[in-house]
Each structure stands twice: as structure tokens, then as C-alpha cells.
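Quick notes on the structure that follows.
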Amino acid sequence: MIITNCVQQVCSADLLRSWRPIGGPGHTVAIDETMVARRKPGNAQGRPIREQWVFGGIDLATRC
């Protein structure tokens, strides 16, 4: 759990440091979302744990 938190903090800091808007006038931006969830190990019907939504976007002209 500590390693996960560390990786999350490093990734968040990098994203905030290198943030830039995507798209703009005349550009088309594709946006998608997905929900990530898993079950606790132990049996085939383990209790679900917290779900996490992930969003992403890309400028179709620049592919950034």
C-alpha cells in the first residue's frame, strides 16, 4: 500500500508539473472514461472494493 501511494504521488506531481491544455479552435478532442474495480482475493465472490473512475483525452490532430 505504501508503494502504491508513493507511485500515485510521483505520477500526480509529474502531471501537475507538465500540465498543458489539449485541443483548441479547430481541433477535435476524443474523451473517454472507464471504471476500474476488482474483487478482494480469497474466493470467486470476494467483496467488491472501491471503484475508481479514470478519464483521458487526446487531440486527434496532434495525437497529444
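Taken together, the values in this text are just the output of simple stated rules run on the coordinates, not laboratory data. Owing to the predicted nature of the structure, the values given are computational and were not obtained by experimental measurement.
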Net length gained if the chain between residue 50 and residue 15 were fully extended (0.36 nm per residue, minus Cα distance): 10.3 nm
Calculated from backbone phi, Karplus (6.51, -1.76, 1.60) coupling profile of region 14-30 in Hz, x at Gly/Pro: 5, 4, 5, 5, 9, 5, 8, x, 10, x, x, x, x, 9, 9, 10, 8
